[in-house]
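To start, the structure under review is shown below, and the notes come after it.
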Amino acid sequence: MSKKHPEFAAYLTKRRQELGISMYTVAKETGFSSSTVKWWEDGEGLPKLASLEKLARVLQTSYENLVVMAGYGVGVAPETEPYLRARYRHVSDRKLAEAKRLLDQLDALEARSKKRKGRK
């Protein structure tokens with residue numbers, strides 16, 4: 001039987017082993033069952049997009065990295081402001097607004113760069 005999601009399965013297994021943690025530990029710290037974690041590592045399925053944040057914390061990697069590794073693509077990443085508010089609950093509204101402004105500037109710079117490359 002071939003794996004449906006071999007890249008994600010290999011990444012998940014490798015990252016967990018690099019950290020020296022068991023499937024049971026991943027399951028316990030994320031709130032998923034051990035059989036669910038095994039299912040992912042066997043390449044039989046993928047976590048739902050909403051579950052990747054918990055998994056990223058345990059695997060000490062970025063949410064965005066797991067989104068891409070799971071094959072969801074960058075376009076399905078969450079909207080900036082709600083994501084920042086959920087991720088950094090202790091940060092003031094002013095600081096979150098500044099972070100969003102800076103991220104928006106980066107997005108604008110990237111879009112301009114792509115346009116320039118398209119003209120050449």
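The values are calculated or read from the model by the stated rules, or taken from the named source; none is laboratory data. Here the structure is a predicted model, which means the values were calculated and not measured. Here the Cβ positions follow ideal geometry from the backbone for every residue, glycine too, while neighbour counts run over all protein chains shown.
Taking the criterion of being out of contact with any helix residue (DSSP H, G or I) (no Cβ under 9 Å at 6 or more places or on another chain) and either under 17 Å from Gln60 (Cβ atoms) or not hydrophobic (A, V, I, L, M, F, W, C) (or both), the only residue of the range 19-45 that qualifies is Gly20. Taking residues in the range 5-28 that are in a loop (DSSP other than H, G, I, E, B), and partners anywhere that are among the basic types (Lys, Arg), the pairs with Cβ atoms closer than 8 Å and at least 6 places apart or on different chains are Ser22/Arg16.
Residue pairs whose Cβ atoms lie under 8 Å apart, sitting 6 or more positions apart in sequence or on different chains, and linking a residue in the range 87-101 that is at pLDDT below 85 to a partner that is polar (S, T, N, Q), are Lys100/Thr80.
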